[in-house]
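The values are calculated or read from the model by the stated rules, or taken from the named source; none is laboratory data. Everything numeric here is computed off the predicted structure, so don't read it as measured data. We place every Cβ from the backbone using ideal geometry, glycine too, and count neighbours over all the protein chains shown.
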Amino acid sequence: MPRRARTAGAPDAGSVTAELALALPGLVLVLVVAVSALGAAAAQLRCVDAARDVARELARGEAPARATSVAAQVAPGARVGTRAEGGLVRVVVTDRVRIGAGPLGVTVDLRGEAVARPEPAPATGPPTAPDAAAPRTAP
């Protein structure tokens with residue numbers, strides 16, 4: 001079989017390789033940013049979940065230390081702030097995550113907030129019977 005002669009001086013010889021070599025770092029950068037953004041979205045959801053859980057625990061009358069330990073399980077490393085205002089319990093959970101890598105990375109502050117109304121304290125003492133002196137209506 002005769003060998004085919006190469007066309008000398010073809011203007012596009014090797015251009016695909018060169019274009020791929022130039023585009024590959026950009027593609028990797030986009031992929032790193034996308035994966036980091038997904039991680040940041042997951043961290044945001046953890047902040048919201050932790051705030052909700054802490055608000056629920058405080059509304060039930062749990063000790064603040066126990067309630068904030070719940071946040072540490074849901075969103076490790078996040079900061080928890082609580083305060084009572086106007087008969088409500090307000091919980092703010094904040095965290096910081098980095099999106100991207102190297103000098104192109106950026107730090108993003110995340111915040112989850114929840115508000116709950118404290119549940120009434122359970123009645124203490126024996127249960128009360130209906131008042132016997134109250135008038136009854138006929139069925």
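Data table
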read-out	value
Per-region count, the stretch 27-52, residues closer than 10 Å to Gly112 by Cα and of a type in the set (Val, Ile, Thr)	1
Selected residue (criterion: farthest from Arg66 (Cα to Cα)) from residues of the stretch 97-115 that are surrounded by 13 or more Cβ atoms within 10 Å (Cβ to Cβ) and at pLDDT 95 or above	Leu110
Check on Ala21, assigned to a helix (DSSP H, G or I), under 21 Å from the mean Cα position of the chain (by Cα) and either surrounded by fewer than 17 Cβ atoms within 10 Å (Cβ to Cβ) or modelled with pLDDT of 90 or more (or both)	no
Among (1) modelled with pLDDT under 85; (2) under 30 Å from Val30 (Cβ atoms); (3) hydrophobic (A, V, I, L, M, F, W, C), the one test that Ala121 misses	(2)
Any hit, the stretch 83-99, residues being within 16 Å of Leu38 (Cα to Cα) and touching a Gly at 6+ places or on another chain (Cβ under 6 Å)	yes
Count of the stretch 68-89 residues which are surrounded by 12 or more Cβ atoms within 10 Å (Cβ to Cβ) and over 26 Å from Val108 (Cβ atoms)	2
